[in-house]
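Before we start, here is the structure in question, set down as structure tokens.
Read-outs: derived from the displayed coordinates by stated rules, not from any lab. These figures come from a predicted structure and were not determined experimentally. All Cβ positions, even for glycine, are placed from backbone atoms using ideal geometry, and neighbour counts span all protein chains on display.
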Amino acid sequence: MQELPMNKASSSRLVDREAAAALIEPLTELVRRAGAAILALDRDAMRVAGKIDGSPVTEADLAADRIIADGLARLAPGVEALSEERAALAQPSCDGSFFLVDPLDGTKEFVAGRDEFTVNIALVTNGTPQLGIIGAPALGLIWRGLVGRGAERLATGSGGRAEPIHTRPFPKAGEPWIAAVSRSHGDPATQGFVAARPGAVCKVLGSSVKFARLAEGAVDIYPRLAPTHEWDIAAGCAIVAAAGGKVTAPDGAELRFGKGTRDFIVPAFIAWGDPSAAR
């Protein structure tokens with residue numbers, strides 16, 4: 001795997017947009033490889049352990065993490081990589097550019113035998129996700145985006161043609177609109193947010209597939225008013241922004257990543273397909 005050029009002028013290891021664009025294809029290949037490793041394992045036979053926070057971890061999480069960690073070390077040796085599976089080793093604050101990795105998002109979906117689990121890699125620069133890749137290996141799809149350069153969807157098979165994607169305008173008053181909600185992590189605040197807005201139709205989805213469906217215009221909004229982690233949402237934030245949408249805190253404030261938040265927690269967020277609808 002060829003090492004790609006970084007911006008050497010900055011001591012904070014900034015990856016500029018041109019270098020980020022050069023990373024898209026090799027990072028996509030990493031996501032493909034990690035997804036293939038997950039699919040190669042027998043879900044029924046693997047051991048499922050529990051983390052300190054009660055969330056599950058499997059051999060598949062660890063296998064995907066090894067592939068991605070090795071690949072990033074070869075691709076961008078000067079850029080820090082923070083993975084969910086190695087978060088205890090990470091610095092609480094990350095300057096410049098760094099990778100945020102969730103090698104298997106939706107482990108509960110995976111263990112339950114469902115197809116909505118994903119592999120996620122994001123490149124964050126100065127606290128903002130600028131590049132994101134989400135692979136759904138069991139669905140045979142990858143979504144990716146670079147802020148300022150657009151977003152696209154492609155099949156995981158070799159030779160899959162990349163198809164540009166874009167978020168859609170918010171429906172007019174009186175028309176129904178679709179809210180993506182979590183299958184495994186529902187919470188009363190999110191349910192109340194959706195219920196308070198007439199015309200909502202809930203679409204239940206798992207993992208970061210919710211961001212992907214928002215980015216491709218299949219849903220209008222994805223609210224989560226309960227805590228999650230930065231690695232769960234960074235790739236999705238980049239793809240949604242690249243596709244024309246916006247992800248904010250519930251009060252409209254910008255989300256910041258790698259800035260010393262305890263345990264890399266994001267208290268809540270709302271992902272909007274149409275930024276003009278954010279309020």
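By Kyte-Doolittle mean hydropathy of at least -0.5 and Cα axial length of at least 20 Å, which whole DSSP H helices of the chain are selected?
Going by DSSP H runs, the hits are 17-40, 59-75.
Further question on the same structure: In a shell of Cβ-Cβ distance under 13 Å around residue 235, excluding residue 235 itself, what net charge do Lys and Arg (+1) and Asp and Glu (-1) give?
Taking every other residue near residue 235 into account, the sum is -3.
At 0.36 nm per residue, and after removing the present C-alpha to C-alpha distance, how many nm does the segment from residue 149 to residue 262 gain when stretched out fully?
Working it through step by step, the gained length comes to 37.5 nm.
For the chain, what is the mean residue ellipticity at 222 nm derived from helices alone (per DSSP H run of n ≥ 4: -39500 (n - 2.57); sum divided by total residues; nearest 500 deg cm²/dmol)?
That comes out to -8500 deg cm²/dmol.
Starting from the Cα-Cα distance between residue 173 and residue 196, subtract it from 0.36 nm times their residue separation and give me the gain in nm to one decimal.
Net length gain for the segment: 6.8 nm.
Turning to a different aspect of this structure: In nanometres, what is the gap between the two model label sites at residue 93 and residue 226, each 7 Å from Cα along Cα-to-Cβ?
So the label points at residue 93 and residue 226 sit 3.2 nm apart.
Placing +1 at every Lys and Arg Cβ and -1 at every Asp and Glu Cβ, with all other atoms neutral, what dipole size does the chain have around its Cα centre, in debye to the nearest 20?
480 debye
Assuming 0.36 nm per residue, please report the length gained on full extension of the stretch residue 204 to residue 128 beyond their Cα-Cα distance.
Taking 0.36 nm per residue and subtracting the Cα distance, the gain is 24.6 nm.
In nanometres, what is the gap between the two model label sites at residue 249 and residue 62, each 7 Å from Cα along Cα-to-Cβ?
Label-label distance for residue 249 and residue 62, simple model: 3.7 nm.
Separate question: Quick one: dipole size for the range 177-277, taken about the Cα centre, charges +1 on Lys/Arg Cβ and -1 on Asp/Glu Cβ, in debye to the nearest 20.
That gives the range 177-277 a dipole magnitude of about 100 debye.
Ranked from highest to lowest mean number of other Cβ atoms within 10 Å per residue, what is the order of the peptides 15-24, 30-39, 194-203, 242-251?
Packing proxy ranking, top to bottom: 30-39, 242-251, 15-24, 194-203.
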